Amino acid sequence: MSFSGRRTRDTSPRRVVPEWDRLTCVMLVATALWLSGGSAFAQSTALAGATVVDGTGRPGVPNAVVVVTRDRLACVGTATQCPVPAGAARVDVTGRFITPGLVDAHVHFSQTGWVDGRPDGLSAPELYPYAETARALRANPQRWYRSYLCSGVTAVYDVGGHPWTTALPAHAERDSLAPHVRAAGPLLTHAPRTALRVDDSIYTFLPMATSAEVRASVARLKAMGASAVKVWYLPPSREQQRELDARLMEVGAEARAAGLDLIVHATELRGAKAALKAGAAMLVHSVEDEPLDDEFLSLVQTTRAIYAPTLVVGRNGVRAFASIVLGSRYPIDDPGRCVDSSTVARTAAVAPLRLLIRDFSRASERVLRGLDDADVRSAIMADNLRRVQATGATIVVATDAGNPLVFHGASIFSELEAMQAAGLSAADIVVMATRNGARAMGRLNDFGTLEAGKLADLLVLVEDPRADVRAFRSRTHVMRGGRLYEQAALAQRN
């Protein structure tokens, strides 16, 4: 039995023409010296000759010029509209495509991309002491920064994690090798998992069992600097539905009073409608249990809530368990070698985990049932995604990175391609992955589209993403805040 999935093109970032490499090196040196005070070097850079796909959905601009001054886009347009300033460093990108940087609207910095970050799913304390894993994550978020930038993701929304994640937005904003970050902090839930709590500084969940707990939890999030209130709203029992729906309404009211967005994990239709009625600004997953009805579609239109489908995460969780049962590492889809080597090594070390399985027959049956269930849910999610798009609602690209086999950075490609396979056009997905993601982060005035005055966050691609979103695998360069990096130089592994 194979779990390798469909093969995809892997356009290696090392296939860059020598002239492009040389010009980039010159530009990077010039930029570095200028930033340090070297007055002999240009303060502007002009990328000339590419087709600009600006993220707005408007037709591309062929043979365009993008002028960058310091960290901002000074001009984006035709050669006539945007003449190259005297003394600017000119970079020839003829025949290529320039897009805004990608935005992943659902990530978790306090999870690893493997089972060691989810002890509530598979507990192996002797192999993966969770306290050590959690503290290592807090000590080194930079490895995820690098993974994201390497993958062309220049902004991410952390929609739930340990308290320290609320400090990441300010930290990352000052780091030109980091994506922009928005962070929600710990999640409110009626279904906590004690395995995800270490101590008073490392915990994932806050309570919402009573009105007093709701008020205290929202106040605690506000005090720690969270920018949203995330509710993990697992399906309550029939007896609890009315009580917990009312509690969710209270959370929404407290969030509004605190000036925080309400975002909700609700993967079943009934709960998703309750979330929209409570004022959710974003549903951070697809509805996956049944087709969307007219009530939901009306609610998502009138509330203007954002829909984040996360199509790949469920199947990848099953694949992670399958790799343990089979005793074989699941192949990593990582164009550009962006996943850090320590994570790669852990996904390969399945033999010790396999020893924890006592009944292989039962475990194998669980894998098969899980894959069948994933197929059914994938079909429902795809249909629901098309229904949401038909309403004109805002859809974003969101991976749920940090969960098993959903790697920080690299998982963006399979998510983009799953949305395309679901029936969305590549051109529409480009907008969802750029402009719409920036809107979800509350940063559309800063990035998400290529327009004068915005931050210079962009990608250079060999192929046209409007024809096929797999073109994002062909990126050669990433610019973050006006600093241009060769993609190969961002790789974390040889």
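The values are calculated or read from the model by the stated rules, or taken from the named source; none is laboratory data. What you see is a predicted model; the values in this text were computed from it and never measured. Reconstructed Cβ throughout: ideal geometry from the backbone, glycine too, with neighbour counts over all protein chains shown. Remember, those area values only see protein heavy atoms, side chains included, never the ligands or the DNA or RNA. Shrake-Rupley method; radii C 1.70, N 1.55, O 1.52, S 1.80 Å.
Computed over protein heavy atoms with a 1.4 Å probe, the carbon and sulfur contribution to the accessible area of the range 381-428 reaches 48%. Peptide packing: for 239-246, 88-95, the average count of neighbouring Cβ atoms within 10 Å per residue gives the ranking 88-95, 239-246, highest mean first.
Rg and Dmax of the range 332-485, based on Cα coordinates, read 18.7, 61 Å. Quick one, which of (1) 29.5, 95; (2) 22.5, 73; (3) 21.4, 68 is the actual Rg and Dmax of the Cα atoms in Å calculated for this model? Evaluating Rg and Dmax of the Cα atoms in Å on these atoms matches (2). Cα-based values for the range 186-335, radius of gyration first and Dmax second, are 17.0, 51 Å.
Structural descriptor for the range 158-241: relative contact order 33 percent, calculated from alpha carbon pairs under 8 angstrom and at least 6 residues apart.
DSSP beta bridges fully contained in the chain are about 45 percent antiparallel.
Dividing the C-alpha radius of gyration of the range 203-269 by 2.2 N^0.38 Å, with N its residue count, gives 1.07. Once every Cα of the range 413-487 carries one equal point scatterer and solvent is ignored, give the base-10 log of I(q)/I(0) from the Debye formula at q = 0.20, 0.23, 0.26, 0.27 Å⁻¹, two decimals. Ignoring solvent entirely, the Cα scatterers give -0.93, -1.13, -1.25, -1.26. Per residue, the accessible area of the chain comes to 40 Å² when a 1.4 Å probe rolls over the protein heavy atoms.
Put simply, when 433-439, 224-230, 196-202 are sorted by average Cβ atoms within 10 angstrom per residue, most first, you get 433-439, 224-230, 196-202.
For LYS222, the lysines whose Cα comes closer than 24 Å to its Cα, not counting residues fewer than 8 places off in the same chain, are LYS230, LYS277.
Based on Cα contacts under 8 Å between residues 6+ apart, the chain shows a relative contact order of 21 percent. Using C-alpha pairs under 8 Å with a sequence gap of at least 6, the mean separation divided by the residue count of the range 198-357 gives a relative contact order of 15 percent. Magnitude of the charge dipole for the chain, about its Cα centre and with charges confined to Cβ atoms of Lys, Arg (+1) and Asp, Glu (-1), is about 720 debye. The Rg/Rh ratio for the range 147-247 is 1.05, where Rg is the radius of gyration of the alpha carbons and Rh is the Kirkwood radius.
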